[in-house]
């Protein structure tokens, strides 16, 4: 048994979707979450900047004594995962790409439909990490990708669910998916599940939540490495941000489905 906390980071609020799933599937685990709200979004940054941000985020979590780190950020997971694993060889680090691709390929096999859709940030789509992983798993699948750069700022601004502005953006980005008969659509950024109602109206197929898939993978990693917390005591959640935006607690409460307070601001450039 290992009572050290789990560390989860994202470019902003999106990774709280993964936190919510972790609280549900791993109720005894303490969680430390860092949201880089002062530098969001990551998806429009250069690869070197994304690597730097990912390293600083992981460094902060490591300083808090976590036993495993989840990069709950599709952009970091696509661009910087190999770099982070090399830089932090003494602590397990997992991303969100692999598990989501495995789920999408599984759904394709079940439906005998070889069309998979992916939506994500500009950096994630340009890197092609999801496409490469899917090709490794099944080279016969057809992948349709689309960058949706406005989705993260909309979510960070509180435009959730079927918000009018979000619906307009979803129509703009996703209309090309109509008629493709996809077996699934990978929501390749952890912000996107917060607007899945708007996305699902346009792309009517199974939506693969990268946050949920990543927590299921993280759970398996804890079991394999004998890192589970089996205390039987409900885990605690600590929230840290790089900029305490006025609406952070309100939107975070919607992500987690419960009131949020006690958010601590961190000077992330120190890490």
Q) Quick one: which strands (runs of 3 or more DSSP E) sit completely within the range 29-127 and have at least 2 residues that are outside the structural domain of residue 252 (by TED's automatic domain parsing) and either more than 15 Å from the chain's Cα centre (by Cα) or at pLDDT 95 or above (or both)? A) 115-120
Q: Taking residue 238 as meeting all but one of (1) assigned to a strand (DSSP E or B); (2) closer than 19 Å to residue 19 by Cα; (3) in the same structural domain as residue 164 (by TED's automatic domain parsing), write down the number of the exception.
A: (3)
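Here is a check on your reading of the model: is residue 145 surrounded by 22 or more Cβ atoms within 10 Å (Cβ to Cβ), at pLDDT 95 or above and more than 29 Å from residue 241 (Cα to Cα)?
No: the conditions fail for residue 145.
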Q: Would you confirm whether any residue within the range 180-200 is without any contact (Cβ under 8 Å) to a residue 24 or more places away in the chain, under 23 Å from residue 106 (Cα atoms), assigned to a loop (DSSP other than H, G, I, E, B) and outside the structural domain of residue 12 (by TED's automatic domain parsing)?
A: no
Q. Of the numbered conditions (1) more than 22 Å from residue 191 (Cα to Cα); (2) at pLDDT below 95, residue 15 satisfies every one except a single condition; which is it?
A. (1)
(Q) Can you list residue pairs whose Cβ atoms sit under 6 Å apart, with the first residue in the range 1-17 being surrounded by fewer than 24 Cβ atoms within 10 Å (Cβ to Cβ) and the second being assigned to a loop (DSSP other than H, G, I, E, B)? Count only pairs 6 or more apart in sequence or on different chains. (A) 1/230; 2/67; 2/227; 3/229; 4/65; 4/67; 5/30; 5/66
Q: Check off (1) farther than 15 Å from residue 41 by Cβ; (2) touching a helix residue (DSSP H, G or I) at 6+ places or on another chain (Cβ under 8 Å); (3) surrounded by 17 or more Cβ atoms within 10 Å (Cβ to Cβ) for residue 75 and give me the number that stays unchecked.
A: (1)
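Evaluate the following for residue 173: is it in contact with a helix residue (DSSP H, G or I) (Cβ under 8 Å, 6 or more places away or on another chain), farther than 23 Å from residue 54 by Cα, at pLDDT 95 or above and surrounded by 16 or more Cβ atoms within 10 Å (Cβ to Cβ)?
On the way: in contact with a helix residue (DSSP H, G or I) (Cβ under 8 Å, 6 or more places away or on another chain): yes; farther than 23 Å from residue 54 by Cα: yes; at pLDDT 95 or above: yes; surrounded by 16 or more Cβ atoms within 10 Å (Cβ to Cβ): yes.
So residue 173 fits the description; yes.
The values are calculated or read from the model by the stated rules, or taken from the named source; none is laboratory data. For clarity, every value in this text was computed on a predicted model and none was experimentally measured. Every residue, glycine as well, gets a Cβ built from its backbone with ideal geometry; the counts of neighbours run over all protein chains shown.
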